[in-house]
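The values are calculated or read from the model by the stated rules, or taken from the named source; none is laboratory data. Predicted model only: the values in this text are computed from it and were never measured. Methodologically, a virtual Cβ is constructed for each residue, glycine included, from the backbone with ideal geometry; neighbour enumeration extends over all protein chains shown. Please note that ligands, DNA and RNA were not included when accessible areas were found on the heavy atoms of the full protein model with its side chains. Shrake-Rupley method; radii C 1.70, N 1.55, O 1.52, S 1.80 Å.
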Amino acid sequence: MSNLDSLPKYGQYINGAEVPPASGEYFPTENPYSGEAWALIGRGGKADADAAVAAAHAAFEQGEWPSLTASQRGKLMRKLADLIVANAEHLAEIERRDNGKLAAEVVAQVKYLGDYFHYYAGLADKIESHVIPTDKKGVFCYTKYEAKGVVVIITPWNSPLTLTSWKLAPALAAGCTVVIKPSEFTSASAIEFAKLFAQAGFPPGVVNVVTGFGHEVGAPLVEHPDTAHIGFTGGEIAGQKIYEAAARGLKTVTLELGGKSPNIVFDDADLDQAVKGIVSGVFAASGQTCQAGSRLLVQESIHDEVVRRLVEFVSTAKIGDPSQLDTQVGPIATRPQFDKIMSYIQIAKDEGAKCVLGGKSRPDLGAGQFVEPTIFTGVNNKMRIAQEEVFGPVLCVIPFKDEEDAVRIGNDVLYGLAGAVWTKSLHRAMYVTDKLKAGTVWVNNYRATSFTSPFGGYKRSGIGRESGADAIKEYLETKCVWISTDLDVPNPFIRR
Ligand code: NAD
């Protein structure tokens, strides 16, 4: 540990201050490109979770935060949005160091979070109540939307601050307070992010961060009696555990659990556009995205031509150091994820799929945590490579006959996060869009997402929606108020 002692240390961020973890223990966080530890992260546990929830609960119940008007909350969020943009290079550099995201992409991704906070800042004072014209005489009846309370935000390593902000911005606009539990692989950016809230003028305790391992510090947050809602993005296994624990406490959840999304290309599609969409759909971020279009469904008559074009295009991709602006494919974010992807490549080969591009790691690059962009043909939809989420740069190509066949194969998975259809026919586009059981369907594009538009999954891809105006409702309770204007309170002992 001696050479690690010189590394910067990140503690927990509780009640407006960075504090050491109660255990006094830290663990290293590594740069996936170099394989070197670059910082130490506090190993939080139940005591830290309890302290963070106590701070968030106190900030929710009393003091400045609950006394702010919704417009004042919005003003604070706008200040924060500007601070995010001003600090985007610094935050992006931390994310790149922690998960190997491309420098070329990550700065823009962090800057865009400013727009997220501006959008929800604008919504904060537009949560309007309804007056209800009831069938009862002599009463005035209306609804009121109130913040749920302390929200727990649990995130994975692939887009740490983005996936945090998808939950945090609507939660704050609603008036909730939060405790964030980032992935143990990418915790540093959340601590730096939390410090911006103090600069923006948020009262202490409104935003807290605890770091460490899921079962040690994440689970106590979910189980804590004073947390009201859990917003989670990550893998299915952790998602199920969190859902079960939340159910025991009768808490609400939003879960975003990944997918195996079909990218469907018909024979009348503009293939130049489609090929770009296929490549960005599955190879961006080295395939480590929940909405990856990892199943390419191609109409039989153009199968060979599409595969030829893909192989030609993807072969030119520059793999390497994510800090270099011309790098197009970076490392895999974590060693377990690298091992998982390589094991799926072997599974595909064992199942009889044909590897027409890639299929190997690159031990010669950095610390060797690279997987070549990989394309399998000869895949049928029953194979594990077609059914299970790889979360890496691995595309499987499946031929189909016609619209019905495309829809049948497209829906024949347990997931339902996203899908796309490439065609010049409006009829085909509408037919497939209607039939696909997925939370997002793109027509002649892939990957467009925005703070303005809901995102989430059907089936095992999750529960609830993030982004868009309705996302704020996940963080609100509805209260119905009955005021007597001229109601004669009935005597319960006299039958009417
Ligand atoms: P994970 O689901 O294990 O962890 C995600 C977050 O949940 C982390 O912060 C983790 O500490 C926390 N966590 C884990 N168990 C918990 C528990 N019992 N209680 C509370 N918190 C808990 O994800 P991972 O290990 O980072 O990746 C596993 C797989 O998940 C990947 O291989 C990939 O397939 C998938 N994944 C999906 C997404 C997505 O966007 N949907 C993102 C990353 C990973």
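Miscellaneous remarks
- Residue that is among the charged types (D, E, K, R), in contact (Cβ under 8 Å) with a residue 60 or more places away in the chain and more than 17 Å from ALA190 (Cβ to Cβ), where the choices are ARG73, ARG97: ARG73
- LEU414 being open to solvent by 30 Å² or more (accessible area, probe 1.4 Å), closer than 15 Å to GLY258 by Cα and outside the structural domain of ILE132 (by TED's automatic domain parsing): yes
- When GLN288 is tested against (1) under 24 Å from the mean Cα position of the chain (by Cα); (2) more than 16 Å from the ligand (Cβ to nearest atom); (3) in the same structural domain as ILE332 (by TED's automatic domain parsing), only condition (2) is not met.
- The set of residues in the range 318-347 that are of a type outside the set (Phe, Trp, Tyr), within 16 Å of the ligand (Cβ to nearest atom) and crowded, with 19+ Cβ neighbours inside 10 Å comprises GLY330, PRO331, ILE332, ALA333, THR334, GLN337, ILE341, ILE345.
- Selection from the range 218-241 of residues that are over 14 Å from ARG460 (Cβ atoms) and either more than 8 Å from the ligand (Cβ to nearest atom) or not assigned by TED's automatic domain parsing to the domain that holds VAL19 (or both): PRO220, GLU223, HIS224, PRO225, ASP226, THR227, ALA228, HIS229, ILE230, GLY231
- Counting only helices (runs of 4 or more DSSP H) that sit completely within the range 383-466, those holding 1 or more residues that are in contact with a strand residue (DSSP E or B) (Cβ under 7 Å, 6 or more places away or on another chain), closer than 22 Å to ALA353 by Cα and without any contact (Cβ under 8 Å) to a residue 60 or more places away in the chain correspond to 384-387.
- Residue match in the range 135-144 (condition: open to solvent by less than 50 Å² (accessible area, probe 1.4 Å) and touching a helix residue (DSSP H, G or I) at 6+ places or on another chain (Cβ under 8 Å)): no
A quick yes/no check of all residues on (1) among the charged types (D, E, K, R); (2) assigned to a loop (DSSP other than H, G, I, E, B); (3) surrounded by fewer than 16 Cβ atoms within 10 Å (Cβ to Cβ):
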residue	(1), (2), (3)
PRO21	no, yes, no
TYR33	no, yes, no
ALA39	no, no, no
ASP48	yes, no, no
ALA55	no, no, no
PRO66	no, no, yes
GLY74	no, no, no
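- The condition of being surrounded by 23 or more Cβ atoms within 10 Å (Cβ to Cβ) and aromatic (Phe, Trp, Tyr) holds for only one of TYR26, TYR13, that being TYR13.
- Boolean, ALA269 is within 16 Å of the ligand (Cβ to nearest atom) and either open to solvent by less than 30 Å² (accessible area, probe 1.4 Å) or of a type in the set (Phe, Trp, Tyr) (or both): no
- Test result for VAL131, free of Cβ contacts under 8 Å to residues at least 12 places away in the same chain and in contact with a Phe, Trp or Tyr (Cβ under 9 Å, 6 or more places away or on another chain): yes
- If you check PHE455, PHE493 for being outside the structural domain of PHE117 (by TED's automatic domain parsing) and surrounded by fewer than 18 Cβ atoms within 10 Å (Cβ to Cβ), only one passes: PHE493.
- Pair list, Cβ < 7 Å and 6+ apart or interchain, from the range 198-220 residues that are at positive phi to residues that are surrounded by 24 or more Cβ atoms within 10 Å (Cβ to Cβ) and of a type in the set (S, T, N, Q): GLY205/THR177
- Looking across the range 195-217, not a single residue is open to solvent by 40 Å² or more (accessible area, probe 1.4 Å), within 26 Å of GLU477 (Cα to Cα) and within 14 Å of the ligand (Cβ to nearest atom).
- Here VAL282 fits the description: open to solvent by less than 10 Å² (accessible area, probe 1.4 Å), more than 13 Å from the ligand (Cβ to nearest atom) and in contact (Cβ under 8 Å) with a residue 60 or more places away in the chain.
- Identification of strands (runs of 3 or more DSSP E) wholly contained in the range 77-181 with 1 or more residues that are modelled with pLDDT of 95 or more and within 17 Å of the chain's Cα centre (by Cα) yields 150-154, 177-181.
- Sole exception among (1) of a type in the set (D, E, K, R); (2) within 11 Å of the ligand (Cβ to nearest atom); (3) in contact (Cβ under 8 Å) with a residue 12 or more places away in the chain; (4) open to solvent by 10 Å² or more (accessible area, probe 1.4 Å) for GLU256, by number: (4)
- Selection over the range 373-385 of residues that are in contact with a Lys or Arg (Cβ under 6 Å, 6 or more places away or on another chain) and open to solvent by less than 30 Å² (accessible area, probe 1.4 Å) gives a count of 1.
- Number of the exception - LYS181 against (1) over 19 Å from SER23 (Cβ atoms); (2) within 16 Å of the ligand (Cβ to nearest atom); (3) of a type in the set (Lys, Arg): (1)
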